[in-house]
Amino acid sequence: MNKAFAACIAASVLSVNAMAEQAFMAPLVKESVLLDVDASEYVVIVGERGHILISSDGETFEQVEVPTKSTLTATTIQGDNVWAVGHDAVILHSADRGKTWEIQNFEPDLQRPFLDVVFFSAHEGIAVGAYGLFYRTADGGATWQSERHASLLAPMDREYLEDIKEQDPDFYQQELNSILPHINRVTPQDGILYLAGEAGLLAYSENGGREWERYEVDYTGSFFDIRPLDADTLLAVGLRGNMFVMRDGVWEYVNTCSTSTLNSVFVASDERVVAMGNNGMLVSAQRPLPVSEHDPYASTSRCEPAKGIKTRQVDDKAALLNAVQFKGNTIAVSANGIKIMNLK
């Protein structure tokens, strides 16, 4: 699910009439731009032009009819229920494992894409995206309510907003809507939500995303994924190959010697984690992750990766967006479609 990559193809997917249109049933859909994948007892994949594919065995994939041509950036599974979100602030729902779909939300005039979706149960969930876009449902998506979370802002921005809040509440809301950062990924684990976004945004919530606490990290570039590796360790990846690990409450830089943007984290085993990125880049890190003394903004022309870090590229060098483990296979999605990979 690279959210930056999804945003880059927004101009090619004009879906003002998407609510009245069906996604194009593409003969080569398995080789099209696919942006996210989720799996439980079955697999759901989403991508450009409203493409959705489903599979029960992880080997054969069927494209299903979908009532939108909006690019879909993320999907999540809860039992037989599936949600998919994307451009035009579209939210889709399926109650039959992805076989049929309905639109729950569609706001092309908003001009903001959803970039991730998480459900805590069949009823409660959130959808997040560009410029702080944040919607919540408590009824399975029958209704969605918009929220704004000023706590996601950097301290200086929060201080600025507090100065104008009392004087001009309307202007405060306008400014809040304009300066909230993109929310690229939300990862739930053990009752905690972990959030990655632009401008160095890393945060966590212990109450379903109603309140957020920012982490302090010495980096101002965008993060595209954050993932807990164990009770004491978090890993975050983002622009230009940047990787950070948090232990004992402190974020430290991991030098990958790669400038390819890292889009997602795949936990391959108890010993190894793999970051997937643009240009077909795979960054493998041995656990526990090492740290580096190098500056994250320094040149990589003469670079020595941290101990235990290895990099390689897939043959077609297509951007790798996300991956899941399913029935012994690692199923990845990329700018060139579905890839069955060996990431162990």
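So here's what we get for this one:
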| quantity | calculated |
| --- | --- |
| Where trypsin sites (Lys or Arg not before Pro) fall in DSSP loop in segment 121-224, at most 15 other Cβ within 10 Å | ARG148, ARG210 |
| Scaled radius of gyration (Cα, divided by 2.2 N^0.38 Å) that segment 189-304 gives | 1.01 |
| Centre separation in Å (Cα based) which lies between segment 31-101 and segment 184-199 | 21 |
| GluC sites (Glu not before Pro) within segment 49-84: DSSP coil, no more than 12 neighbouring Cβ in 10 Å | GLU59, GLU65 |
| Residues with amide H under 5 Å from that of ASP116, placed H, sequence gap 5 or more | VAL128 |
| Calculated log₁₀ intensity ratio I(q)/I(0) where the Debye formula runs over C-alpha points of the chain, q = 0.10 Å⁻¹ | -0.56 |
| Dipole magnitude of segment 1-147, debye to nearest 20 (Cβ charges: Lys/Arg +1, Asp/Glu -1, about Cα centre) | 340 |
| Dipole magnitude of the chain, debye to nearest 20 (Cβ charges: Lys/Arg +1, Asp/Glu -1, about Cα centre) | 1240 |
| Magnitude of the charge dipole, segment 40-107, Cβ model with Lys/Arg +1 and Asp/Glu -1, debye to 20 | 140 |
| Dipole of the chain, positive end: most advanced residue of HIS149, LEU229, ILE91 [Cβ charges, Cα centre] | LEU229 |
| Accessible area (Å², 1.4 Å probe, nearest 10) - LYS339 | 40 |
| Residue with peak Gaussian network fluctuation, the chain [Cα springs, cutoff 10 Å], from MET246, MET156, MET281 | MET156 |
| Value of relative contact order over the chain, rounded to a whole percent, pairs C-alpha under 8 Å and six or more apart | 12 |
| Cleavage-rule hits (GluC sites (Glu not before Pro)) in segment 152-210: DSSP loop, at most 13 neighbouring Cβ within 10 angstrom | GLU166, GLU206 |
| Of SER258, TYR204, LEU161, farthest towards positive along the dipole that unit charges on Lys, Arg, Asp, Glu beta carbons give segment 131-272 | SER258 |
| Segment 1-147 - Rg over Rh from alpha carbon coordinates, Kirkwood radius | 0.93 |
| Candidates LEU235, LEU161, LEU28: whichever shows maximal mean-square fluctuation once the chain is modelled as a Gaussian network with Cα springs under 10 Å | LEU28 |
| Whole-angstrom Cα spans of segment 105-209 along principal axes, big to small | 42, 31, 21 |
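The values are calculated or read from the model by the stated rules, or taken from the named source; none is laboratory data. Note that the coordinates shown come from a computational prediction; the quantities given were computed from them, not determined experimentally. Neighbour counts are summed over all protein chains in view; Cβ atoms, including those assigned to glycine, are modelled from backbone coordinates with ideal geometry. Heavy atoms of the whole protein, side chains included, go into the accessibility calculation; ligands, DNA and RNA do not. Shrake-Rupley method; radii C 1.70, N 1.55, O 1.52, S 1.80 Å.
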